[in-house]
Amino acid sequence: MSEKNIFKQIIDGDIPADILHEDDKCLAFRDVAPQAPVHVLVIPKKEIVSLDHLDDEDQGLIGHLYVIIRNLARDLDIAEAGYRVIVNCGNNGGQSVAHLHFHLLGGRPLVWPPG
Ligand code: AMP
């Protein structure tokens, strides 16, 4: 059985995903269990377990991910109405995949607090 987690398998092309964007630093693909009409995951190709595992040197990478998220929101036509970006970190944060990922959610009004 593969030792790679599910997102590393997607990065390496071992399993399929509905990919919306790819460059040398990151990958964006549709969440397999969407929680909104638009639910995209944006992940760094660098293996970073969670936000808590970020190195100071990753600042530029995180900025790049946010620019990609902004572009995706525009391309998917949710920018004008508004959207939400979420990073779940660790057990209490509800993180289920041990590879840093940003959820981009939109296409409906999103309630607050998130629960
Ligand atoms: P989190 O709970 O923040 O760790 O989010 C993990 C997300 O990954 C969940 O929203 C899952 O639905 C999603 N997910 C798990 N496996 C896949 C997959 N193979 N392709 C796309 N999304 C996935």
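So that you can scan it fast, the table gives a plain yes or no per residue for (1) buried (at least 17 other Cβ atoms within 10 Å of the Cβ); (2) more than 20 Å from Leu27 (Cβ to Cβ):
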| residue | (1), (2) |
| --- | --- |
| Tyr66 | no, no |
| Arg70 | no, no |
| Tyr83 | yes, no |
| Ile86 | no, no |
| Ser96 | no, no |
| His103 | yes, no |
| Pro109 | no, yes |
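For Ala17, state whether it is farther than 21 Å from Gly93 by Cα and within 13 Å of the ligand (Cβ to nearest atom). Yes, satisfied. The one condition from (1) within 11 Å of the ligand (Cβ to nearest atom); (2) without any contact (Cβ under 8 Å) to a residue 60 or more places away in the chain; (3) within 19 Å of Ser96 (Cβ to Cβ); (4) within 13 Å of the chain's Cα centre (by Cα) that Ile11 does not meet is (1). Regarding the stretch 72-92, can at least one residue be identified that is over 15 Å from the mean Cα position of the chain (by Cα), on the phi < 0 side of the Ramachandran plot and either basic (Lys, Arg) or assigned to a strand (DSSP E or B) (or both)? Yes, the stretch 72-92 contains a residue that is over 15 Å from the mean Cα position of the chain (by Cα), on the phi < 0 side of the Ramachandran plot and either basic (Lys, Arg) or assigned to a strand (DSSP E or B) (or both).
If you filter the stretch 76-91 down to residues that are charged (D, E, K, R) and without any contact (Cβ under 8 Å) to a residue 12 or more places away in the chain, you find that the one that is farthest from Val42 (Cα to Cα) is Glu80.
Under 12 Å from the mean Cα position of the chain (by Cα) and more than 11 Å from the ligand (Cβ to nearest atom): does that describe Pro37?
Details: under 12 Å from the mean Cα position of the chain (by Cα): no; more than 11 Å from the ligand (Cβ to nearest atom): yes.
Judged against the criteria, Pro37 is not a match.
Restricting the first member to the stretch 43-59 and to residues that are on the phi > 0 side of the Ramachandran plot and in contact (Cβ under 8 Å) with a residue 60 or more places away in the chain, and the second to residues that are surrounded by fewer than 17 Cβ atoms within 10 Å (Cβ to Cβ) and outside any loop (DSSP other than H, G, I, E, B), no beta-carbon pair is closer than 7 Å while six or more apart or on different chains. Restrict the check to the stretch 12-19 and report whether at least one residue is surrounded by fewer than 16 Cβ atoms within 10 Å (Cβ to Cβ), in a strand (DSSP E or B) and not polar (S, T, N, Q). Yes, the stretch 12-19 contains at least one residue that is surrounded by fewer than 16 Cβ atoms within 10 Å (Cβ to Cβ), in a strand (DSSP E or B) and not polar (S, T, N, Q). Would you please name the residue that is farthest from the ligand (Cβ to nearest atom), looking only at residues in the stretch 87-106 that are touching a Phe, Trp or Tyr at 6+ places or on another chain (Cβ under 8 Å) and under 12 Å from Gln35 (Cα atoms)? Here the residue is Gly106. Any residue at all in the stretch 58-66 that is within 15 Å of the chain's Cα centre (by Cα) and within 16 Å of the ligand (Cβ to nearest atom)? Yes, the stretch 58-66 contains at least one residue that is within 15 Å of the chain's Cα centre (by Cα) and within 16 Å of the ligand (Cβ to nearest atom). Exactly one residue out of Glu57, Glu47 is charged (D, E, K, R), in a loop (DSSP other than H, G, I, E, B), closer than 19 Å to Asp24 by Cα and at pLDDT 95 or above, and it is Glu47.
The values are calculated or read from the model by the stated rules, or taken from the named source; none is laboratory data. Here the structure is a predicted model, which is why all the values come from computation and not from measurement. No Cβ is skipped: glycine too gets one built from the backbone with ideal geometry, and neighbour counts run over all protein chains shown.
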